[in-house]
Protein chains: 2
Amino acid sequence: MDSRELTYFVAVAEELNFGRAATRLGIAQPPLSRTIQQLERRLGVTLLTRTSRSVALTAAGEVLLYEGKRALAALTAAGRRAQRAGDPGLVLAMKANIDGDLLEKILAQFAADPAAVEVEVRIGGIGEQGVLLRSGEADAALLRLPHEDADGLAYEELLTEPDVAVLPRTHRLADRESITMSDLSGEQLPYWPGSPPNGGPLVRDAAQLMQLISLGRTVALLPASVRHHLRTDLTTVPVTDAATTTLVIAWSPDARSRSLAALVQAAVTASPSAGPHRSTRTA
Amino acid sequence: MDSRELTYFVAVAEELNFGRAATRLGIAQPPLSRTIQQLERRLGVTLLTRTSRSVALTAAGEVLLYEGKRALAALTAAGRRAQRAGDPGLVLAMKANIDGDLLEKILAQFAADPAAVEVEVRIGGIGEQGVLLRSGEADAALLRLPHEDADGLAYEELLTEPDVAVLPRTHRLADRESITMSDLSGEQLPYWPGSPPNGGPLVRDAAQLMQLISLGRTVALLPASVRHHLRTDLTTVPVTDAATTTLVIAWSPDARSRSLAALVQAAVTASPSAGPHRSTRTA
DNA sequence: CGAATCCATACCTGTAGGGTATCAATTCCG
DNA sequence: CGGAATTGATACCCTACAGGTATGGATTCG
């Protein structure tokens, strides 16, 4: 398999349109058609069914799209990790304000370890952490399960919190001791890029979300630790039957650096629920 | 990252010699040198330290070798799986005579499942099963832990057996009710390709091993179920403090075919220790 | 039925990947 | 100690193939 052909195929398979795919790849359409034909001939399998009006994936195409994307990601990740291999430092990816004040403790704990190295903390947008990790640009990431995807990653659980409702102070439920999910049935819950629209507004970052809540346009269910960083015009109310969010530290299962192991160890030690640990990966 | 460059690098990194690597790749040495230089320039990292007499890997090179091999394997596996995606059948890889008579039961159980498809059983050499699985040539494999490597694979445990000593009938220990590991301290235990030599003979397949045992040249510790297929000039003796071997059915964690799931299910159901199951991967 | 859309075909061009010849630096060994 | 052998780098050429342009054929849409 050649990575160029595969890259081209993935583009077509995702766009389901040769012209758009070619533009996205920065080449003309004819060479793209040719390359896909070559690939199909080489594999001896039809990947796409083209009516001269539209393109659809065959079963084989579905498989190749799914597996091919992973393989290509592994390829670029290999390069990235090699680039950063000389640099002894670690990169930790996280979203702003999701740590429940844990980050400082983790870093302090890590600093005490003899294997400690410099840690660059990279604050990314929603859903970026996993990408950074899988692409080899970050060594570890703080993720929230089940909101974020830990598929194919190793992780350790750090902290589990109940979700609370974040409301404007003027909201009808703002003064309640606690509420239930059914109390929120009339509200427009937001959704993130990547997850399916649910009628509510699309939010890209925390600040935007808080703004929308403040305007009464939406209401959010967030881990209890948001309380510590909340704007003064917002408040939180416990939701008795809400889901819980688990903060985990995740890393590539392929990584095997001494300092990364120490960072994970430090994170587990620094977290309040420092129970027995078990590495896991989701299937 | 380009797969061609990476393939070339892996060859050089494994051979630690540009000439040999070029031969292995079927190209001349100068273009190989050039390509590696290009790769290093592109990544901005030195991968190899060349004294004009020998080649050694840098830290970055080590990382790229390790991760690059995985990425390339994923690449070819993606192609293979796509090739076989149209074919609804499954390929099950295993070693001869390692199944403890379980294979028939598994296939019978599977045949009863509505999602059953044709199963091609591929009997491979020692250590090949994992390779077939990882390269996408097989959908599932019967492996013996801890002798074989389940790294990066998902698996379900089927059967755990104690190891027994396989001896010639004329052996001094052949008539004992049971023995201990210390009784075998004077014996030359064999080793397999891939594992480090230990002074004993190198064996490539079961028939060869049995022959060597019959000649009194070695003695083997094998799972108890070998008894069923043993030559008449050999016998087995329980070893009270021997390790146990666990037969597992393994598959690629990336696979998500209905029929494969049914096969795994059938294997678990057919195995005697049909307890609660838990998918695992080793780190 | 013409216009628009979309993939395939035909043909041309430039470059990058590959080959040969050779050099420079070590190492080996008589 | 000096010549032979080994090994990676350099210089140069050549061809195959990736990519571009123009255009055709088929389908859909208004």
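The values are calculated or read from the model by the stated rules, or taken from the named source; none is laboratory data. Everything numeric in this text was worked out from a predicted model, so none of it was measured. Methodologically, a virtual Cβ is constructed for each residue, glycine included, from the backbone with ideal geometry; neighbour enumeration extends over all protein chains shown. To get the accessible areas, we keep the full protein, side chains included, count just its heavy atoms, and leave off ligands, DNA and RNA. Shrake-Rupley method; radii C 1.70, N 1.55, O 1.52, S 1.80 Å.
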query: Shielding of A:250-258 by partners, i.e. mean partner chain Cβ atoms within 10 Å per residue?
result: 2
field: Charged-residue dipole, Cβ positions (Lys, Arg, Asp, Glu), the protein assembly as shown about Cα centre, Debye nearest 20
entry: 1820 debye
- request: Note down, for the stretch B:113-255, the three equivalent ellipsoid semi-axes (square root of 5 times each alpha carbon gyration tensor eigenvalue), biggest first, whole angstrom.
  value: 31, 16, 14
task: Compute the label-point distances linking A:Thr46 to its equivalents in the other copies; points lie 7 Å from Cα along Cα→Cβ; give nm, one decimal, shortest first.
output: 5.5
statement: The value for the protein assembly as shown (convex hull of the alpha-carbon atoms, volume per residue, Å³) is 217 Å³
Taking the stretch A:151-227 and dividing mean pair separation by its residue count, relative contact order in percent (alpha carbons under 8 Å, at least six apart): 40 percent
message: Leaving out ligands, DNA and RNA, and with a 1.4 Å probe, what % of the accessible surface on the stretch B:3-83 is carbon or sulfur?
response: 51 percent
statement: The size of the Cβ-based charge dipole (Lys, Arg +1; Asp, Glu -1) of chain A about the Cα centre, to the nearest 20 debye, is 1020 debye
- prompt: Of A:Leu133, A:Leu263, A:Leu32, which is the most mobile in a GNM of chain A whose springs link Cα atoms less than 10 angstrom apart?
  reply: A:Leu32
task: May I ask you to give the average projected area over all directions of the convex hull of the Cα atoms of the stretch B:160-244, in nm² rounded to one decimal?
output: 5.4 nm²
message: Could you identify which residue out of A:Arg231, A:Arg42, A:Arg217 has the top mean-square fluctuation in a GNM of chain A using Cα springs shorter than 10 Å?
response: A:Arg42
- line: Counting Lys and Arg as +1 and Asp and Glu as -1 over every other residue whose Cβ sits under 13 Å from the Cβ of B:Glu187, the net charge comes to +1
message: In chain A, if the dipole is taken from +1 on Lys/Arg beta carbons and -1 on Asp/Glu beta carbons about the Cα centre, which of A:Met181, A:Ala112, A:Gly124 is farthest to the positive end?
response: A:Gly124
field: Magnitude of the charge dipole, the stretch B:160-244, Cβ model with Lys/Arg +1 and Asp/Glu -1, debye to 20
entry: 280 debye
- line: Rounded to the nearest 10 Å², the 1.4 Å probe accessible area of A:Glu104 is 150 Å²
field: Positive dipole terminus of the protein assembly as shown, leading residue within B:Ala85, A:Leu260, A:Ala150 (C-beta point charges)
entry: B:Ala85
- line: Across A:Leu167, A:Leu48, A:Leu212, the residue with the highest GNM fluctuation in chain A (Cα network, 10 Å cutoff) is A:Leu48
- prompt: By how many nm would the segment from A:Thr244 to A:Leu215 lengthen if fully extended, with 0.36 nm per residue of separation less the alpha-carbon distance?
  reply: 7.8 nm
Chains A and B, summed buried accessible surface - 1.4 Å probe, Å², nearest 100: 2800 Å²
field: Shortest-first distances to equivalent copies, position B:Arg122, nm, label 7 Å out along Cβ
entry: 3.7
query: Within chain B, which DSSP H helices have Cα atoms that stretch 27 Å or more along the helix axis and a mean Kyte-Doolittle hydropathy of at least -1.0?
result: B:59-83
- prompt: When all C-alpha to C-alpha distances in chain A are sorted into bins of 5 Å, what percent of pairs does each bin hold, rounded to whole numbers?
  reply: 1, 5, 10, 13, 13, 12, 12, 11, 10, 7, 5, 2, 0, 0
- request: Starting from the alpha-carbon convex hull of the stretch B:3-83, give the projected area averaged over all orientations, in nm².
  value: 5.4 nm²
field: Unit charges at the beta carbon, dipole of the stretch A:3-83: most positive-side option, A:Ile36, A:Ser52, A:Tyr66
entry: A:Ile36
statement: Rounded to whole Å², per residue accessible area for chain B with a 1.4 Å probe reads 48 Å²
- prompt: How crowded by other chains is A:51-64, given as the mean number of beta carbons from other chains within 10 Å of each beta carbon?
  reply: 3
Computed [θ] at 222 nm, helices only, for the protein assembly as shown once each DSSP H run of length n ≥ 4 contributes -39500 (n - 2.57): -11000 deg cm²/dmol
- request: State the residue of chain A whose Cβ is nearest the axis carrying A onto B, and the distance in whole angstrom.
  value: A:Ser3, 2
